[in-house]
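See below for the structure under consideration.
Nothing in this text is a laboratory measurement; each read-out follows from the coordinates by a stated rule. The model shown is predicted, which means the values in this text are computed figures rather than measured ones. In this analysis, Cβ positions are derived from the backbone assuming ideal geometry, glycine residues included, and neighbour counts consider all displayed protein chains.
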Amino acid sequence: MIPTTAEAIKFFLSSKGVKPSLQRIKIYEYLATNKSHPTVDEIYVALAAELITLSKTTVYNTLSLFTEKNIISSILIEENETRYDANLTHHGHFKCVKCQKVYDFNFDLSKRQIDSLNDFIIAEYHAYIKGVCKKCNKT
């Protein structure tokens, strides 16, 4: 379960060896409560008015630290765009080529076997699909 309250986030970050500063707590809280898979710029814009000392560099460095500590995952669907996700469960991502939104979908290779990789050890995997979402498909 993803922590969403300030107290739960403080405890969670501390348990991962990360000092829970106000900026780190707010950045994680934003990721945990906004399932939009935001970019650095989107996080910065959303939090800058509330955290007047926040810089894009702080957001970037915090996200890098969180990724390094396996607190969040980075999503690289597009070569020039990194998005971030607090949901660390096994799942895939679908990006709509019209509205640019990214959606989660259930996909768990740990329950499946890939015959051509029987003698391999899979350390991590990513599933990315691009297409048109159902909302955009109606228009």
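Annotations for the structure displayed:
- Against the chain, whose longest principal axis is taken from its Cα atoms, helix 56-68 shows a tilt of about 50°.
- Cα long-axis angle, helix 6-15 against the chain (0 to 90 degrees, to the nearest 10): 70
- Only the Cβ atoms of Lys and Arg (+1) and of Asp and Glu (-1) were treated as charged; on that basis the dipole of the chain about its Cα centre amounts to roughly 440 debye.
- Placed amide H near Val132: partners under 5 Å, 5+ positions off or other chain: Val97
- Relative to the longest principal axis of the Cα atoms of the chain, the long axis of helix 22-33 makes an angle of roughly 30 degrees.
- For peptides 25-32, 66-73, 11-18, sequence by mean Cβ density within 10 Å, most packed first: 25-32, 66-73, 11-18
- Cross-link reach list, lysines versus Lys69, counting only Cα pairs under 30 Å and skipping chain neighbours closer than eight places: Lys10, Lys16, Lys19, Lys26, Lys35, Lys56, Lys95, Lys101, Lys111, Lys130
- Positive-end extreme of charge dipole, the chain - chosen from Asn137, Phe105, Phe94 (charges on Cβ): Asn137
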